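See structure below.
The values are calculated or read from the model by the stated rules, or taken from the named source; none is laboratory data. It should be emphasised that the depicted structure is a prediction, and the values quoted were computed from it without experimental measurement. Cβ placement follows ideal geometry from the backbone for every residue including glycine, while neighbour counts extend to all protein chains displayed.
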Amino acid sequence: MGATRRRAIAAIRVRAVRLALRAAARVKRRDDLVRLGSSECGWVVPTRFLVPSAVCYCAGAGEDISFDLALADSYAAEVVTIDPTPRAITHAERQIKGRPNMRLLPVGLWKEDATLRFYSPRDPKHVSHSIVNLQGTDSYFEAKCLRVSSVMRLLGHPKVTFLKLDIEGAQFAVLEDVLAERIPIDVICVEFDQPSPFASSLRMLRSMSRAGYSTVSLDGLNLTFVRDTGT
């Protein structure tokens, strides 16, 4: 299959998934939502949680950490950028230099602590690699991966306010682990990117709802969930 046909099929699939997610997500609107970051890598989040004491784990940096920077610079949150990809590490290190409330953790997130393969994208100009080999390639690098709970123990965080997952297909395994561990994260931002994602996405929407999370934003394939606490 040629590259042009693959792109066309992928675009059709994404449009179909967006429509299906919009029908299934049952978005619960809030009046405190704001979009932070660039047009390509921004996220919609509720301002109620944007306070200096907020601890934010932003997994998946690529070469655009504008969301991470907005959390740190505009709201003085403590931000941990998480990505093991060499190009992402180089980019993030330059961006966070001189910002005392930001740090880089060069690992992947996964459902267990392990060293795993991260498979390359088809286009060498692209940055993001995938544990689940989203694009079916042969080249890879290996990197250490940690559970969210392991990162919390490593960094001494008893609580996480924001968790952003833009991790090339690994998001469902990580979310399932977070829910199984009952980690009380206030806001979870996640991209639902899978080759044939709707069945997995629908199961995750149901799991998030059962765990007490409401969908408050659907921006393309990016969803924002808020844990229901009665406020």
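Inspect all residues belonging to the stretch 138-155 and state whether any of them is modelled with pLDDT of 95 or more, of a type in the set (G, A, S), farther than 23 Å from R26 by Cα and touching a Gly at 6+ places or on another chain (Cβ under 8 Å).
Yes - at least one qualifying residue is present in the stretch 138-155.
What residue, of A20, A61, is under 26 Å from S130 (Cα atoms), outside any strand (DSSP E or B) and touching a Ser or Thr at 6+ places or on another chain (Cβ under 7 Å)?
Details: A20 fails: touching a Ser or Thr at 6+ places or on another chain (Cβ under 7 Å).
Among A20, A61, only A61 is under 26 Å from S130 (Cα atoms), outside any strand (DSSP E or B) and touching a Ser or Thr at 6+ places or on another chain (Cβ under 7 Å).
Here is a list: R18, R5, R22. Which entry is exposed (fewer than 12 other Cβ atoms within 10 Å of the Cβ), at pLDDT below 95 and over 20 Å from R122 (Cβ atoms)? Let's see the steps before the verdict.
Numbers: R18 fails: exposed (fewer than 12 other Cβ atoms within 10 Å of the Cβ); R5 fails: over 20 Å from R122 (Cβ atoms).
Checking each option against the conditions leaves just R22.
Could you tell me which residue of the stretch 201-227 is nearest to E40 (Cα to Cα), considering only residues that are assigned to a helix (DSSP H, G or I) and over 16 Å from the mean Cα position of the chain (by Cα)?
Our first condition is that a residue be assigned to a helix (DSSP H, G or I); within the stretch 201-227, this holds for 201-210.
Adding the requirement that they be over 16 Å from the mean Cα position of the chain (by Cα) leaves 202-203, 206-207, 209-210.
Details: L202: 24, R203: 26, R206: 27, S207: 28, S209: 27, R210: 31 Å.
Here the residue is L202.
State which residue pairs qualify: first residue under 16 Å from A173 (Cβ atoms) and inside the stretch 127-151, second residue surrounded by fewer than 18 Cβ atoms within 10 Å (Cβ to Cβ) and of a type in the set (G, A, S) in any location, beta carbons under 6 Å apart, and separation of 6 or more residues or different chains.
C145/A114
When the residues of the stretch 94-117 are filtered to those that are under 13 Å from I82 (Cβ atoms), free of Cβ contacts under 8 Å to residues at least 60 places away in the same chain and hydrophobic (A, V, I, L, M, F, W, C), which remaining residue is surrounded by the fewest Cβ atoms within 10 Å (Cβ to Cβ)?
As a first pass, look at the stretch 94-117 and keep what is under 13 Å from I82 (Cβ atoms): 96, 102-110.
When the remaining residues are screened for being free of Cβ contacts under 8 Å to residues at least 60 places away in the same chain, the result is 96, 102-107.
Now narrow it down to the ones that are hydrophobic (A, V, I, L, M, F, W, C): 96, 102, 104-105, 107.
Numbers: I96: 21, M102: 23, L104: 21, L105: 21, V107: 19.
My answer is V107.
Residues to consider are T81, T90; find the one that is among the β-branched types (V, I, T) and part of a helix (DSSP H, G or I).
From the options T81, T90, the qualifying one is T90.
Go through the stretch 173-197 and count every residue that is crowded, with 17+ Cβ neighbours inside 10 Å and at pLDDT below 95.
Here the count works out to 5.
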